[in-house]
Amino acid sequence: MTFFEWKPEMSVGIDTIDADHQLLIELINELASHTEAAYGAGSAAADDYTLIGQIFDSLNRYIRLHFQREERVLTAVNYKDLDSHRSLHSNFVAEIARLQLDYYKNHDSKVPLKLCQYLKNWLNNHILIDDMAYKREVSSNPEAQRIAAALEPIRRAKGS
């Protein structure tokens with residue numbers, strides 16, 4: 001069974017933003033699969049540490065590119081709640097940084113499980129509530145579509 005699945009009702013009407021969200025779901029599922037296998041038994045090997053590091057690398061690249069894309073689109077349509085949306089993004093960035101610090105500096109072995117659950121909950125709420133709030137304004141707006149498509153597609157970090 002897949003930990004987190006994309007559903008058609010998650011679409012914001014912009015293919016590149018939807019593709020970004022689907023990539024994050026792939027990362028979440030990879031992390032969930034790995035976490036269940038490696039940490040469910042209470043032990044983790046050195047290559048687990050490397051894989052989690054690669055997932056953090058992919059996640060940080062995702063954050064930078066996806067939030068840039070989304071905020072540029074929202075700026076283009078003069079989205080009334082842009083500042084609030086940016087604040088949600090900033091809070092997400094801060095939480096990911098905190099979890100990454102706990103993993104690397106504090107050697108918290110529960111971080112992969114915490115990260116997995118946090119990402120699933122955050123993305124589910126963010127897409128279905130926060131992103132759906134702007135869907136009507138961007139989905140049929142040609143300028144929003146053009147701006148979203150013009151930015152670099154997100155690819156997984158090398159090695160992950």
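The values are calculated or read from the model by the stated rules, or taken from the named source; none is laboratory data. What you are looking at is a predicted structure, and each value in this text was computed from that prediction instead of being measured. Reconstructed Cβ throughout: ideal geometry from the backbone, glycine too, with neighbour counts over all protein chains shown. What goes into the accessible areas is simple: the full protein's heavy atoms, side chains included, and nothing from ligands, DNA or RNA. Shrake-Rupley method; radii C 1.70, N 1.55, O 1.52, S 1.80 Å.
Among the residues making up segment 104-137, those that are touching a Leu at 6+ places or on another chain (Cβ under 8 Å), open to solvent by less than 50 Å² (accessible area, probe 1.4 Å) and within 23 Å of GLU26 (Cα to Cα) are VAL111, PRO112, LEU115, CYS116, LEU119, LEU123, HIS126, ASP130.
Any idea which residue in segment 78-103 is nearest to LYS135 (Cα to Cα), counting only those that are acidic (Asp, Glu) and surrounded by 13 or more Cβ atoms within 10 Å (Cβ to Cβ)? This residue is ASP81. Assessment of segment 3-21 against the conditions (more than 17 Å from ALA144 (Cβ to Cβ), open to solvent by 30 Å² or more (accessible area, probe 1.4 Å) and modelled with pLDDT under 90) yields at least one matching residue.
Of the residues SER160, SER139, SER109, the single one that is modelled with pLDDT under 90 and over 16 Å from the mean Cα position of the chain (by Cα) is SER109.
Conditions (1) of a type outside the set (Ser, Thr, Tyr); (2) at pLDDT 85 or above, marked per residue:
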position: ILE28; (1), (2): yes, yes
position: ALA41; (1), (2): yes, no
position: ALA45; (1), (2): yes, no
position: TYR49; (1), (2): no, no
position: ARG72; (1), (2): yes, yes
position: THR75; (1), (2): no, yes
position: TYR79; (1), (2): no, yes
position: ASP83; (1), (2): yes, yes
position: SER87; (1), (2): no, yes
